[in-house]
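Undergrad: Starting off with a structure, shown below.
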Amino acid sequence: MSTERGPSVPGPDDFDRQLRDLTSGSGGAARYREPSAEERAKQAAQRKPRQRAGWRGSAKARQLRRPVDSPGQGSRGPSRRRRLRLVGGNSARRPAPGGRRAKLLSIAKVVGILVGFVALLIVLHLLGLGPQ
């Protein structure tokens, strides 16, 4: 890596000199100037008050606040196929093909957890860590 200094990077002596100038107050005029509180109040008083939007402006603002749809969605949201409903409710529906197996698997998990918990209690009792 080169240790040469470019024109934009000041040397250590230049840096010290600039720091001394800043701390002594002889650094020159500030680049940016913040307006005082009095000047800000005058500027605020000179501004024209906003006029209320009419019903057309309100409608346009409401329309602009709506989220933009992606190209594949359209105006009614994502496209979905609708299912026909059976007259008489859901009682005539057949269960899902994997529904019974999923239910049995869920029951087996619960039973396995309970058996494991009881076995843990028995082992702890035999070790003398349970209630005496």
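What follows is calculated from the coordinates using simple rules that are stated; it is not laboratory data. Keep in mind that this is a model prediction, so the values were computed, not measured. Ideal geometry is used to build each Cβ from the backbone, glycine not excepted, and the neighbour counts take in all protein chains shown.
Undergrad: Mind ordering 113-125, 42-54 by average Cβ neighbours within 10 Å, highest first?
TA: In decreasing order of mean packing, 113-125, 42-54 become 113-125, 42-54.
Undergrad: Right, another one. In nm, what is the difference between 0.36 nm times the number of residues separating Gln18 and Glu39 and their Cα-Cα distance?
TA: Going from the current span to full extension adds 4.4 nm.
Undergrad: What is the gain in length, in nm to one decimal, between Gln46 and Val110 on full extension, counting 0.36 nm per residue of separation less the C-alpha to C-alpha distance? List each step's numbers first, then the result.
TA: On the way: separation 64, 0.36 × 64 = 23.04 nm, distance 7.33 nm.
Between Gln46 and Val110, full extension yields an extra 15.7 nm.
Undergrad: I would also like to ask the following. Points 7 angstrom from Cα along the Cβ direction at Ala29 and Gln63: gap in nanometres?
TA: Once both label points are built, they end up 5.0 nm from each other.
Undergrad: For the pair Arg100 and Leu124, how long in nm is the line joining their label points, each one 7 Å along Cα→Cβ?
TA: 3.9 nm
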